[in-house]
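The values are calculated or read from the model by the stated rules, or taken from the named source; none is laboratory data. All figures in this text were calculated on a predicted structure; none of them were measured in a lab. Because the Cβ atoms are built from the backbone with ideal geometry, glycine has one as well, and the counts that use them run over all protein chains shown. The accessibility values were calculated without ligands, DNA or RNA, using every heavy atom of the protein model including side chains. Shrake-Rupley method; radii C 1.70, N 1.55, O 1.52, S 1.80 Å.
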Amino acid sequence: MVEDRPAGSVSEAITTVTGGSKPVHRFLRGQPKSIGVVLVMMGVGIVMFAIPMNVQSGAPTSAEQFTPYWLGILFFICGLLYILSERNPSKKMITASLALSIISVIGVLCALVDFSRAIVGIHHILDIHMYVNQTEEEERYAEQHYILIKNMELVFFCHSLIGGVLLVIMTFFARAALRSSRTQAVVVMRNLPSAE
């Protein structure tokens, strides 16, 4: 708000804000509510799919290390924070979202390693079963059983990749919003020069 009046007629200070009045709204360009809903659903899905994987299967699954459980919980909490930050876009909420996003990205990288290790282990067990002398029916049963477990590990791997990409995108939006709020300049002019 800038007005051009002589100094004698100005009774209030004139304030000019450069860089936008609410720079934390740059975070809203990333559609945090939509991404939050996706992350909540992915978190719930990963936990639900991990429950039947916890049964003794004879194969090294990621559910034995509880990887799908803590990753699902991280996705769920991040999604809730994103949804809440769209409702109340404050600097504290966006800072919390940024911090948890960074922790979750590190968690996704660790989970990808665990899922890859489980996939390779199941593939190795399948190769061993192919070379062991078994009846054709036993071989078919083992193949179907282990391929189902391997496919679930692949689903977890894909969920982690997609969730990781969403988290990285929201990290960039949160960082841009917080960086711009620090560099915001406020100019206050008390005595304007007279127009004469």
When all Cα-Cα pair distances of the range 57-109 are considered, the percent exceeding 17 Å is 44 percent
Simple SL model, points at 7 angstrom along Cα→Cβ for ILE147 and ILE102; separation in nm is 4.5 nm
Judged on accessible area alone, 1.4 Å probe, highest first, LYS150, LYS92 line up as LYS92, LYS150
From highest to lowest solvent-accessible area (probe 1.4 Å; ligands, DNA and RNA excluded), ILE35, ILE169 read ILE169, ILE35
Descending packing, highest mean Cβ count within 10 Å first, for 39-50, 67-78, 138-149 is 67-78, 39-50, 138-149
Carbon and sulfur atoms account, in whole percent of the 1.4 Å probe accessible area of the range 51-178, for 70 percent
Residue-normalised value, i.e. accessible area per residue, for the range 88-129 at 1.4 Å probe, in Å², stands at 51 Å²
